[in-house]
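Here's the structure, in structure tokens; my notes come after.
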Amino acid sequence: MPFWINELVRAARQSKLERQAVAADRLLRHVFRQELTSPNVTAAFVAAAPEPVSTEIAPIASVAERITAPEATDVSPKLRRPAFTRQIFEFEGERYGFNLYVPPLPPLGASTNESSGVPLIVMLHGCKQDAPDFARGTAMNELAAKMPCMVLYPEQLPKANQMRCWNWFDSAHQGRHAGEPAMLAALTRHVISRYPVDSTRVYIAGLSAGGAMAAIVAAHYPDLFAAVGIHSGLPPGAAHDVMSAFSAMRHGGSARAPGDPVAKEDVMPTIVFHGDADSTVHPDNGDQIVLAAIAALKASGVPLRRSLIPQEMPAPTGEMRHTLRTVYSAEDQRSYVEYWSVEAGPHAWSGGSAAGSFTDPHGPDASTAMLAFFLQHRR
């Protein structure tokens with residue numbers, strides 16, 4: 001039986017319209033190369049979609065313009081120099097290392113339009129990575145200098161996980177007031193209290209194990225974070241031990257409540273990146289994250305409109321790499337959920353720099369897309 005028929009049958013059995021929409025998106029990704037321009041395929045896809053489909057959302061080229069540096073203004077005295085420092089944070093008897101990027105800012109006490117502070121992005125590295133490596137690979141500091149915003153890179157303790165993975169699969173680290181989520185929230189508040197951060201514009205993102213942990217932290221701290229970015233990660237509650245973690249990574253895991261419940265009125269804007277050739281974390285995990293985010297939004301009464309933006313760019317082989325960007329936006333035109341499915345994308349940060357590990361420099365640019373998505377939202 002053809003792949004796309006299997007997908008639609010599986011979606012129908014799941015009975016919810018949102019699952020039909022995700023299956024339809026995956027059908028489009030399956031036929032992307034050969035039949036993207038075929039009127040028959042387009043008509044079939046639109047007929048399968050349970051919500052209005054639009055292509056009026058701006059492409060990533062326009063998204064990038066939203067985070068370019070503002071026009072130069074006279075600032076006296078001169079801006080302080082940017083800094084990327086290594087620091088230590090003590091939490092429950094442990095000493096956690098972290099790196100913090102502070103962009104060029106006016107001196108303390110100077111008159112500035114940023115009197116309420118600047119945004120803060122918390123970036124969680126993946127396995128076998130550390131904070132400086134993740135900063136190099138994502139190139140988020142370079143974007144943060146243009147905004148400007150601060151970037152916090154927490155670092156896992158080697159003794160907590162020999163591979164430096166965040167322990168997203170351990171039930172001891174899946175709740176609000178214990179384990180790594182509590183530490184990451186405390187570290188974030190520590191930075192907010194000591195630097196000129198706008199506490200309504202704090203965001204969290206991560207890659208792989210870092211993405212899975214970012215999803216857990218965002219779910220349990222909607223009072224702290226305004227949006228979350230998950231790259232090649234897994235949904236909260238997809239595993240409860242090492243064996244179930246491997247199963248979820250290989251075959252996809254279902255989103256479940258990761259410990260203590262989250263109030264229905266807490267809406268967490270979510271952007272997901274996942275390569276469809278990811279052999280480490282199955283792409284079905286990206287689908288599940290998106291489905292859970294959409295369900296939470298609808299439960300809170302936020303009406304959503306689904307838009308599809310296909311994009312393509314040259315690949316190293318000379319062929320074109322296709323990406324399907326699915327956007328769920330509200331009446332205020334802000335996108336509350338975005339899903340970037342990257343054709344032939346591996347288990348790596350899309351559009352990242354070769355200076356860091358686990359990066360896919362061929363794009364699309366996940367850092368630019370995530371930052372643009374984040375800046376639409378305040379807590």
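Structure notes:
- Hey, Glu142 at pLDDT 95 or above and open to solvent by 30 Å² or more (accessible area, probe 1.4 Å) or not: yes
- Subset of the stretch 331-378 that is of a type in the set (A, V, I, L, M, F, W, C) and part of a loop (DSSP other than H, G, I, E, B) - its residue that is surrounded by the most Cβ atoms within 10 Å (Cβ to Cβ): Ala348
- Residues of the stretch 339-361 satisfying the condition of being over 16 Å from Gly229 (Cβ atoms) and among the hydrophobic types (A, V, I, L, M, F, W, C): Ala344, Ala354, Ala355
- Within the stretch 153-171, the set of residues being outside any loop (DSSP other than H, G, I, E, B), over 14 Å from Phe91 (Cβ atoms) and at pLDDT 95 or above comprises just one member, Tyr153.
- Annotation note: of Leu297, Leu371, Leu324, Leu375, the sole residue that is out of contact with any helix residue (DSSP H, G or I) (no Cβ under 7 Å at 6 or more places or on another chain) and either modelled with pLDDT of 95 or more or under 25 Å from Leu152 (Cβ atoms) (or both) is Leu375.
- When the stretch 225-237 is filtered for residues that are out of contact with any helix residue (DSSP H, G or I) (no Cβ under 6 Å at 6 or more places or on another chain) and open to solvent by 10 Å² or more (accessible area, probe 1.4 Å), only Gly237 remains.
- Residues that are open to solvent by 10 Å² or more (accessible area, probe 1.4 Å) and among the β-branched types (Val, Ile, Thr), drawn from the stretch 186-209: Ile192, Val197, Thr200
- Lone unmet requirement of (1) in contact with a Leu (Cβ under 8 Å, 6 or more places away or on another chain); (2) at negative phi for Phe358: (2)
- Residue check for Pro181: surrounded by fewer than 19 Cβ atoms within 10 Å (Cβ to Cβ) and either at pLDDT 95 or above or assigned to a loop (DSSP other than H, G, I, E, B) (or both): no
- Any hit, the stretch 254-265, residues being over 20 Å from Ser171 (Cβ atoms) and at pLDDT 85 or above: no
- Qualifying positions in the stretch 264-295 - open to solvent by 40 Å² or more (accessible area, probe 1.4 Å) and either under 21 Å from Ala330 (Cβ atoms) or basic (Lys, Arg) (or both): Lys264, Glu265, Asp266, Val267, Ala292, Ala295
- Picking from residues in the stretch 291-317 that are in a loop (DSSP other than H, G, I, E, B) and under 19 Å from Gly275 (Cβ atoms), the one that is nearest to the chain's Cα centre (by Cα) is Ala315.
The values are calculated or read from the model by the stated rules, or taken from the named source; none is laboratory data. Please read these numbers as outputs of a predicted model, since none were measured by experiment. Glycine also receives a Cβ, built like all others from the backbone with ideal geometry; neighbour counts cover every protein chain displayed. Side chains are part of the model used for accessible areas, which takes the heavy atoms of the whole protein and leaves out ligands, DNA and RNA. Shrake-Rupley method; radii C 1.70, N 1.55, O 1.52, S 1.80 Å.
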